[in-house]
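The values are calculated or read from the model by the stated rules, or taken from the named source; none is laboratory data. It should be emphasised that the depicted structure is a prediction, and the values quoted were computed from it without experimental measurement. With ideal geometry, Cβ positions are generated from the backbone for all residues, glycine too; neighbour counts draw on all protein chains shown. Remember, those area values only see protein heavy atoms, side chains included, never the ligands or the DNA or RNA. Shrake-Rupley method; radii C 1.70, N 1.55, O 1.52, S 1.80 Å.
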2 protein chains.
Amino acid sequence: MSNAKLPPLLEPEGQGGAPCCPPLAERPMTAEEAETAARMFKALGDPVRLRLFSAVASHEGGEACVCDISDVGVSQPTVSHHLKKLKEAGLLTSERRGTWVYYRVEPSVLAAMGRLLVLPAAA
Amino acid sequence: MSNAKLPPLLEPEGQGGAPCCPPLAERPMTAEEAETAARMFKALGDPVRLRLFSAVASHEGGEACVCDISDVGVSQPTVSHHLKKLKEAGLLTSERRGTWVYYRVEPSVLAAMGRLLVLPAAA
C-alpha cells in the first residue's frame, strides 16, 4: 500500500523521463525546474521538520512510525502533520501496517537533491 | 573585501570546529543542528531565490552581479533582496568592485549540505 506516485523531483518532464534537475551550477534553472526543486528544499527548511526527517532516516531499518518519534518536543498530531508534509514533498513514502503508518526516506529524491548541489570540479 | 565571517553551516560548535552537521541518516539531529541546517534549506526553498542562486552558480567565472542577472522576471531590487538573503544564509559571499557587488557561491557550504543528504549504502 505504499504510494506508487513518483515523487515530484523524479517526475518525467516530457524529456523522456529524465529526473529533474541538472546541477544548479550547470546552467541557470528554468522556472519550472526551480518550482519543483524549491518544494523539496522548502520541506527541509523547517527545523522541526528537519529533525523529524532525520529521526525517520536514522531509525532502525530506515523507517519509523509516529509511535517511534517522541523526543522532538512536539505533540503527536504535530509530528503527523509534518510527516505528511514531507510525504507530499516526495521526501518520504508511507505504508500503513495495522494501527500505524510507517514512514521511510525516499533515497532517489535525496540523491537527486544531492546532485543539484554538486559544483563542477573547476569552480 | 569579501566577508570573512564563516558561513553558518561551518561555524565551530564547541566541538573543535567540526563543520555542522552529520548526515541526516546517521543519528537524529539535535535542535541546534536542525536550526543551522534548516536555515540553508529554507534559503533554497523559494523558486525565485533558487533560480537566482543557479544563475550565479552557473555564470562565467562562478560569480555574478545584479547587472548580470536580468532574465528571472523580477525587478533588480528584488534580485538584490534575494541575493542578500542567500548571503545571510551563508550560501553566497560578496565583494564590491567599483559600482557593483559581485556574488559567488560558497562551495564549502554546498558541500556540507550535500553531505547532510548522503544516505548510508545499506539503506
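Here the spin labels are modelled as points 7 Å beyond Cα on the Cα-Cβ line, and at residue B:71 and residue B:96 they lie 3.0 nm apart.
For residue B:121, the point set 7 Å out from Cα toward Cβ sits 2.1 nm from its twins in the other copies, listed from shortest up. The interface between chain B and chain A buries about 2600 Å² of solvent-accessible area in total (1.4 Å probe, ligands and nucleic acids excluded).
For region A:95-112, backbone phi angles converted through the Karplus equation (6.51, -1.76, 1.60; θ = phi - 60°) give residue-by-residue couplings of 8, 7, 9, x, 6, 10, 9, 9, 10, 9, 5, 8, x, 5, 6, 4, 5, 5 Hz, Gly and Pro being listed as x. The HN-Hα couplings worked out from phi for region A:21-34 by the Karplus form 6.51 cos²θ - 1.76 cosθ + 1.60 (θ = phi - 60°) are 9, x, x, 3, 8, 6, 7, x, 5, 7, 4, 5, 4, 5 Hz, whole numbers, x standing for Gly and Pro.
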